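I'd like to ask some things about the structure below.
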Amino acid sequence: MQHFLKGGLAVAALALTVGMGLAQDLAPLNSDAEPDRMDWSELEAKFGAMPAVPAGTKVGGVSKTLTNEYWRSLGQGYQNVADKLGIEFVYQAAQSEGDQLGQLAIAETLISQGFNALLFSPQTDANLIPAMEKATAAGIPVLNVNDAVIPSATHYVGNVQKGNGVNVANWFIANRPDGGKVAVIEGQPGVYAAGQRTAGFTETITEAGKFEVVASVPANWSREEAFNAAATILQQYPDLIGFYANNDGMALGVVEAVKAAGKAEQVAVFGTDGISDAYAAVRAGDLTGTVDSFPVLTGEVAMEVALRLMAGQALPRVVATPQALVTKDNVETFATSDIAALRAALLAQ
């Protein structure tokens, strides 16, 4: 805490002390349903312009892995704000999305290195709980950022995970009015986002009455595992009309399986995340669509939220970031690398 005060952050230290007390009374976080929330677009209107950042501010980020473009893009969003405001920023990640202990070790190392705030994107809802507890005990605020949810997190930034699956289900309901058999390729068991994305799709499409979810199997965020799972499902259900995969890497594995089975005209395939390979596959007509959660923008919003919290602003527990269903009909609208233009397009939805 001494370094925190020396950095000119006495107000934040006081707010943090109060927040640590309140954290004891918080219910386990459900980021989709938490009532204490606001939309990313409301930050400036409700809390004013970004407060001044004290000289010497250091922020650390811990991600799932940098082998997935989504997490590299999230880090770019963090870095954009850090560069603009002259903040020292360090971003590290585990070697793979299954390296839970490696990610925990990284987080615990950063706690000892004098950062004023930390941004955690856990691999599962549980693996960074020890790091969260150590950071809180050390007086370091932690912001949980998309997509696994730490139950004790006092603040979270990310999209409505259930909405990813709901968006895809609504596409099938609107575009396949006769219904049919569909399947889900899930992410990693025990990860909040995977469960919510699957539930959003399954509940919404089942309620429509004409669809049957004939298979829902985990592929652990792996393109290869998704290919194998999809190939098996296509053999079992040759009349299948569609897949929803919990991320784009897995969706691209499903596309390969659908092509190999000669069913590209019959089977629609959707992913989640909006990585560049997914956009290219949508343009090419291979992937029907993806739910983009705009990781660069999410990273920018998360860094802004962390800095506002450090300045003592009483932000809600959840700041929800945007998402959009991207298909061939609107792919160019959301493909822009101009973040200002993207913000404008999302606000116009």
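Determine which member of the set K64, K84 is farther than 18 Å from P141 by Cβ and out of contact with any Ser or Thr (no Cβ under 8 Å at 6 or more places or on another chain).
Among K64, K84, only K84 is farther than 18 Å from P141 by Cβ and out of contact with any Ser or Thr (no Cβ under 8 Å at 6 or more places or on another chain).
Now for a separate question. So which of G165, G114 ends up being within 30 Å of T288 (Cβ to Cβ) and not acidic (D, E)?
Within the list G165, G114, the selection yields G165.
Is it the case that the range 248-264 has a residue that's in contact (Cβ under 8 Å) with a residue 60 or more places away in the chain and part of a strand (DSSP E or B)?
There is no residue in the range 248-264 that is in contact (Cβ under 8 Å) with a residue 60 or more places away in the chain and part of a strand (DSSP E or B).
Then there is this: Looking at G102, G77 in this structure, which one is closer than 17 Å to V305 by Cβ, open to solvent by less than 60 Å² (accessible area, probe 1.4 Å) and modelled with pLDDT of 95 or more?
After applying the criteria, what remains is G77.
Right, here's the next one. Go through E97, E88 for me and flag whichever is farther than 16 Å from V301 by Cα and open to solvent by less than 60 Å² (accessible area, probe 1.4 Å).
Being farther than 16 Å from V301 by Cα and open to solvent by less than 60 Å² (accessible area, probe 1.4 Å) holds for just one of E97, E88, which is E97.
Can you pull out the residues in the range 51-74 that are open to solvent by 50 Å² or more (accessible area, probe 1.4 Å) and either β-branched (V, I, T) or over 16 Å from A94 (Cβ atoms) (or both)?
Answer for the range 51-74, where residues must be open to solvent by 50 Å² or more (accessible area, probe 1.4 Å) and either β-branched (V, I, T) or over 16 Å from A94 (Cβ atoms) (or both): A52, A55, G56, T67.
Can you tell me which residue within the range 199-222, out of those that are crowded, with 24+ Cβ neighbours inside 10 Å and not small (G, A, S), is modelled with the lowest pLDDT?
Ranking the qualifying residues of the range 199-222, first place goes to W221.
Among the residues of the range 133-147 satisfying the criterion of being open to solvent by less than 10 Å² (accessible area, probe 1.4 Å) and farther than 17 Å from S73 by Cα, which is modelled with the lowest pLDDT?
Taking the candidates together, the pick is G139.
Name the pairs whose Cβ atoms lie under 6 Å apart, with the first residue in the range 181-192 and assigned to a loop (DSSP other than H, G, I, E, B), the second among the aromatic types (F, W, Y), and 6 or more positions between them or separate chains?
As it stands, the answer is G187/W221; Q188/W221, since those pairs meet every condition given.
Which count do you get for residues in the range 96-117 that are in contact (Cβ under 8 Å) with a residue 24 or more places away in the chain and over 23 Å from G190 (Cα atoms)?
Residues meeting the conditions: 7.
Filtering the range 293-334 down to residues that are among the acidic types (D, E) and assigned by the TED database to the domain that holds A82, which residue is farthest from Y78 (Cα to Cα)?
Ranking the qualifying residues of the range 293-334, first place goes to E304.
Based on what the data block shows, is A126 crowded, with 20+ Cβ neighbours inside 10 Å and farther than 28 Å from F270 by Cβ?
Criteria not met by A126.
Any residue at all in the range 16-24 that's open to solvent by 30 Å² or more (accessible area, probe 1.4 Å), modelled with pLDDT under 95 and in a loop (DSSP other than H, G, I, E, B)?
Yes, the conditions are met somewhere in the range 16-24.
Every residue, every condition in (1) crowded, with 17+ Cβ neighbours inside 10 Å; (2) among the aromatic types (F, W, Y), yes or no:
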position: E224; (1), (2): no, no
position: F227; (1), (2): yes, yes
position: T232; (1), (2): no, no
position: Q235; (1), (2): no, no
position: D248; (1), (2): yes, no
position: V255; (1), (2): yes, no
position: G262; (1), (2): no, no
position: Q266; (1), (2): no, no
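Go through the range 258-275 and count every residue that is of a type in the set (D, E) and under 26 Å from the mean Cα position of the chain (by Cα).
Within the range 258-275, residues that are of a type in the set (D, E) and under 26 Å from the mean Cα position of the chain (by Cα) number 1.
Please verify whether the range 298-315 includes one or more residues that are among the small types (G, A, S), closer than 29 Å to G242 by Cα and in a helix (DSSP H, G or I).
Looking through the range 298-315, none of the residues is among the small types (G, A, S), closer than 29 Å to G242 by Cα and in a helix (DSSP H, G or I).
The values are calculated or read from the model by the stated rules, or taken from the named source; none is laboratory data. All values reported here derive from a predicted model rather than from experimental measurement. Positions of Cβ are backbone-derived with ideal geometry, glycine not excepted, and every protein chain shown enters the neighbour counts. What goes into the accessible areas is simple: the full protein's heavy atoms, side chains included, and nothing from ligands, DNA or RNA. Shrake-Rupley method; radii C 1.70, N 1.55, O 1.52, S 1.80 Å.
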